[in-house]
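Everything below concerns the one structure shown next.
Nothing in this text is a laboratory measurement; each read-out follows from the coordinates by a stated rule. Since the structure is predicted, the reported quantities are computational estimates derived from the model, not experimental observations. When we count neighbours, we look across all protein chains shown, and the Cβ atoms used for this are built from the backbone with ideal geometry, even at glycine.
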Amino acid sequence: MSGRRIVLASGNAHKAVELARVLPGWDVQAYAGELPEETGDTFAANALLKARHVFAATGGRDWVLADDSGIEAAALNGAPGVWSARYAGDDATDEENLAKLLSEVPPDGDTRVAYVCAMAFVEPGGPEHVVHGRCEGRLTHEPRGSGGFGYDPAFVPDDLADGRTMAQLSQEEKDAISHRGRAARDLLAWLSAG
């Protein structure tokens, strides 16, 4: 199935670039149309909502991939969760969302966090499929690094022992441990087996 075109149900250019890297051999094209409001209470529900919408909007001819992802803070009982992209408000910037999270998680308290991702895949005439990825880490109150986006400057992954944030990793290092990279590898395995 390698080489097929996948329509990504997202207007996030960063996600399109990242998914193109972690899905080698696939032509990932971002969807430029309107997306539905994310009304699901789980990442999987929101991913399926977007995938089904774009699948219908494109006439059911294209393979469609949608992801919903965010950060969960142990100190906040899993918040912001599905609200990660709009934690500080519907039109909040990455910087505003991060500032709100840092203000609510005490630096001397429980700083455990996890990036969580659900990817939904819909294909013409085929089944819907959802895969999940997770990356555990801790929150630093001293953001650093210029790579990545969202909460990356304050997310220190447990997978590495050197204390770098996700925003300080190379693309290859991030793809190897990220929630989205892990979910994409599971999706590739499923596609290869199909």
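Straight distance only, please: which lysines reach the Cα of LYS174 with their own Cα at less than 20 Å, same-chain residues fewer than 8 apart left out?
Hits, sequence-local ones excluded: LYS15.
Roughly how tilted is helix 43-57, in degrees to the nearest 10 and between 0 and 90, from the longest Cα axis of the chain?
30 degrees
Calculate how steeply helix 94-104 sits against the longest principal axis of the alpha-carbon atoms of the chain, using the helix alpha-carbon long axis, and give the answer as 0 to 90 degrees to the nearest 10.
Roughly 50 degrees, rounded to the nearest 10.
Taking only Cα atoms, what is the 0 to 90° angle, nearest 10, from helix 13-22's long axis to the longest principal axis of the chain?
That helix lies at roughly 70 degrees to the long axis.
Return the calculated 222 nm mean residue ellipticity for the chain, to the nearest 500 deg cm²/dmol, obtained by summing -39500 (n - 2.57) across DSSP H runs with n ≥ 4 and dividing by the residue count. Present the calculation step by step, with values, prior to reporting the outcome.
Details: 5 runs with 58 residues, N = 194.
Here the helix-only value at 222 nm equals -9000 deg cm²/dmol.
Say each of ARG61 and ARG164 gets a label point 7 Å from the Cα, pointing the same way as Cα to Cβ; how far apart are those two points in nm?
Label at ARG61, label at ARG164, 4.4 nm between them.
Quick one: Debye curve from the alpha-carbon atoms of the chain only, equal weights, vacuum; give me log10 I(q)/I(0) at q = 0.08 Å⁻¹ to two decimals.
Results for the chain at q = 0.08 Å⁻¹ read -0.25.
Pop out the Kirkwood hydrodynamic radius of the range 40-88 from its pairwise C-alpha distances, inverse of mean 1/r, in Å to one decimal.
Details: mean 1/r = 0.0844 Å⁻¹.
Here the Kirkwood hydrodynamic radius works out to 11.8 Å.
When each pair of different Cα atoms in the range 12-106 is counted once in the 1/r mean, what is the Kirkwood radius in angstroms, to one decimal?
On the way: mean 1/r = 0.0673 Å⁻¹.
Its Kirkwood hydrodynamic radius stands at 14.9 Å.
Can you pull a Stokes-Einstein diffusion coefficient for the range 134-194 at 37 °C (0.692 mPa s), Rh from Kirkwood over Cα pairs, as a whole number of µm²/s?
Numbers: Rh = 12.1 Å.
For these conditions, the coefficient is 272 µm²/s.
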